[in-house]
Amino acid sequence: MTSERPLDGDTLDASTAPDSAPASAVATAPPAVVDRPAPGGMGGQGQAGRARRTTSFLSLARAMFLGFRRDRAGLFFTLLFPLVFLIIFGGLFNNTGTYKQSVLEVGSVPLIDQLPADARAELGQVFKITKVTDRAAALDKVRNGDDEAVIEQVGDRIVMHYSAADATGAATVQGVMTSLIQNANVDATGQPPKFSLDSDSVEDKSLSYIQYITPGLLGYAIAIGATFGATSTLVTWRQKKILRRLTLSPVGVPTVIGARIVVSMGIALIQTAIFLAVGAGFFGLKLSHYWWMSIPLIFAGTLSFMSIGLLAGAKAKSMEAASAIANLITIPMAFLSGSFFPLDGAPGWLQGLAKVFPLRHLNTGMLDVMVRGKSPVSVLPEIGILLAFAVVLSTIAALMFRWDDI
Amino acid sequence: MAQTIRVDGVRKWYGDTHAVDGVSFDVEEGEFFGILGPNGAGKTTLLEIMEGLRKPDDGEVSLLGMRPWPRNPRLLPRIGVQLQASSFFERLTAREQIRTFASLYGTPPAAADHWLEVVGLTDKADTRTEKLSGGQAQRLSIACALVHGPDVVFLDEPTAALDPQARRNLWDLLREINNQGRTVVLTTHHMDEAELLCDRVAIMDHGNILKSGPPAALVRGLDAPTRIGIETGTVPVDGARQLFPDAEVSDDGVSLTVSTRNPAAVLSALADRNALRGLAVRGASLEDVFLDLTGREYRA
């Protein structure tokens, strides 16, 4: 049996390098093309070292990105799932601001008919006025909830019929009609009005729901993508011993971490491009002048979410356990950070609590520069807070880091 | 002959567990060296200390004249490691996988493709590694360890969980790698594999090396009886006992087995009686050496 052994140690030329190995037993064997780096360049110094670092950085980044692109479940949760939220929320709530009250005008109502053209147009923004002649049929329609109110005018008396079942619609119509009548009364005196009311929303006038929800859901998407990206790289690479394998290649740890950061930031930019395109293309999202400032915010946010991911993966023995931990952090974080709905109505302590989440700061910052039109400098504190989160959390993760499972 | 690896008094403790408990040996250049032992014997820990993945608590390792710990970037391009079968990047094809590993060493893609050919995976180049069979994945992972042309190759249980065909196929590859002049160190718990492939083996259990040397020398040193089997009924059992008083004779209804330290005499006596039907002669194997050393059942 032992005579089958391929190699008798004594016959081997000690100086034989693998590259110039003697004819091998298998025809395809001689690895003559294998190009071993010169011994001098191995330490990573010099031009050759830099070139090797660059190619290994790029190929690691490529490997990570391909791994992401081919992971259907991962793609669903980082891209499609938040986008579905955007489409549902955008489609559901985006028209509430322009919803018009339907008003039936029986016969002639001079108060409305004789309004000047601009006032008439303004009224057209809130009322959809239909002229009818059949009074009984019009009242039936209001009773059935098809229309909000019936307006008729008898001499100087305006009569409004409404249904108690639709108190909100009735109150809106009543409010508008009251102001119309009061304006008409003031006009009738021939005096200029003494008091006037200019109402102005504290938000930008264009801050409709889509303006609010796009940065919020984008923040949520970025949080999910960066957290799970870091967790899965850490946990699966640890499980498969790729982390160990990489330390036995000439690639340094900073190259590996750098590649993962660049890939996560690239994914965040892709998410941003898709969200802004869908928001602007389908739901009338309007970006403010300084929207580009959201990019450094997003980069800082990505770093802090990656550090959350590292923390979630630090102790987890399997990817399932790590996902559970990451979900446990990201889902409450998304709700408390106002990703889905504004926190303005929440109690003060809850708003205070929300500040422990980096996503809250990312959302605030993105809202400020993307849609509120605040100056780029105004979000520097948010960027600083996000970077501080990243430093603190990844330091903790580094202290908890382990090479192996068990 | 140059010593490629020198392990001197290496110890590694985990709490009270002595994973490696004072191990010393040398591996010479171009040698095929096997570390043999049951699961949990400390083989992998020892291998990881030799590779520079772990720091020994005591003792020293010299690899190609350098110390592997702490991480030594000058040493790394000269060693190739296969840690376990599935050490692959997720969702990459075989070609992408090996090209990625190649780029870590600054090795051009052409060399990576060449290695795919060497391990017979060219037609699987575009298959994702998750879809490869166990044998294919093992061959790819060995190719990934070799793609940069290392002088020393460490393989941790390369044939674990493979079927017999895939195992034999892999043995051919491992021999070829060694024939190219590379020093190969592998761990295994398959005794037959070690006996067939290795120039020298170290038998390890409980963190200690119990014995080391060329497999044939270890087997000879055991001085174990040779078992000669013939078909039952060829010679009556009592007749055989009278014929060979110094031997142990048993019959299980299929074969009559004579265990003897003088096989020549037994064989010629049987040949004289024309009683060699179904003859099978089995000498001691490395497994017998191992069982003799550990004195208990082999725990694979």
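The values are calculated or read from the model by the stated rules, or taken from the named source; none is laboratory data. As the structure is a computational prediction, the values presented were derived from the model and not from experiment. FYI the Cβ positions are ideal-geometry reconstructions off the backbone, even for glycines, and counts take in every protein chain you see.
Given the structure, is A:Ser264 free of Cβ contacts under 8 Å to residues at least 60 places away in the same chain, hydroxyl-bearing (Ser, Thr, Tyr) and assigned by TED's automatic domain parsing to the domain that holds A:Trp237? Here the answer is yes, as A:Ser264 does meet what is asked. Determine which member of the set A:Ile406, A:Ile325, A:Ile331 is within 30 Å of A:Leu285 (Cβ to Cβ) and either modelled with pLDDT under 95 or surrounded by 19 or more Cβ atoms within 10 Å (Cβ to Cβ) (or both). Just a single option satisfies the conditions, and that option is A:Ile331. Screening the candidates B:Leu116, B:Leu140 for the property of being in the same structural domain as B:Asn169 (by TED's automatic domain parsing), under 23 Å from the mean Cα position of the chain (by Cα) and closer than 17 Å to B:Leu92 by Cβ yields one hit, B:Leu140.
Filtered by the rule that a residue be within 11 Å of another protein chain (Cβ to nearest Cβ) and either part of a strand (DSSP E or B) or small (Gly, Ala, Ser) (or both), region B:18-33 gives B:Val27, B:Glu28, B:Gly30, B:Phe32, B:Phe33. Restricted to region B:165-232, the set of strands (runs of 3 or more DSSP E) holding at least 2 residues that are in contact (Cβ under 8 Å) with a residue 12 or more places away in the chain, surrounded by 23 or more Cβ atoms within 10 Å (Cβ to Cβ) and under 14 Å from the mean Cα position of the chain (by Cα) comprises B:183-188, B:200-205. Working only within region B:34-60, note down all residues that are surrounded by fewer than 23 Cβ atoms within 10 Å (Cβ to Cβ) and in a strand (DSSP E or B). Hits for region B:34-60 are B:Asp58, B:Gly59, B:Glu60.
Looking across B:Ala94, B:Ala125, B:Ala112, B:Ala137, one residue alone is within 11 Å of chain A (Cβ to nearest Cβ) and under 27 Å from B:Gln165 (Cα atoms). It is B:Ala112.
Counting only helices (runs of 4 or more DSSP H) that fall entirely inside region A:240-342 and contain at least 1 residues that are under 19 Å from A:Leu86 (Cβ atoms) and under 18 Å from the mean Cα position of the chain (by Cα), the qualifying elements are A:253-283, A:294-315, A:319-336. For the criterion of being loosely packed, with under 14 Cβ neighbours inside 10 Å and within 45 Å of the chain's Cα centre (by Cα), A:Asn185 fails.
All of A:Gln101, A:Gln125 fail the test of being under 36 Å from the mean Cα position of the chain (by Cα), surrounded by 15 or more Cβ atoms within 10 Å (Cβ to Cβ) and touching a residue at least 24 places away in the same chain (Cβ under 8 Å), apart from A:Gln101. Condition test on A:Ser307, is it crowded, with 18+ Cβ neighbours inside 10 Å, of a type outside the set (Val, Ile, Thr) and modelled with pLDDT of 95 or more? For A:Ser307, the condition - crowded, with 18+ Cβ neighbours inside 10 Å, of a type outside the set (Val, Ile, Thr) and modelled with pLDDT of 95 or more - is met. Regarding region A:126-137, can at least one residue be identified that is in a strand (DSSP E or B), touching a Ser or Thr at 6+ places or on another chain (Cβ under 6 Å) and more than 30 Å from A:Leu218 (Cβ to Cβ)? Looking through region A:126-137, at least one residue is in a strand (DSSP E or B), touching a Ser or Thr at 6+ places or on another chain (Cβ under 6 Å) and more than 30 Å from A:Leu218 (Cβ to Cβ).
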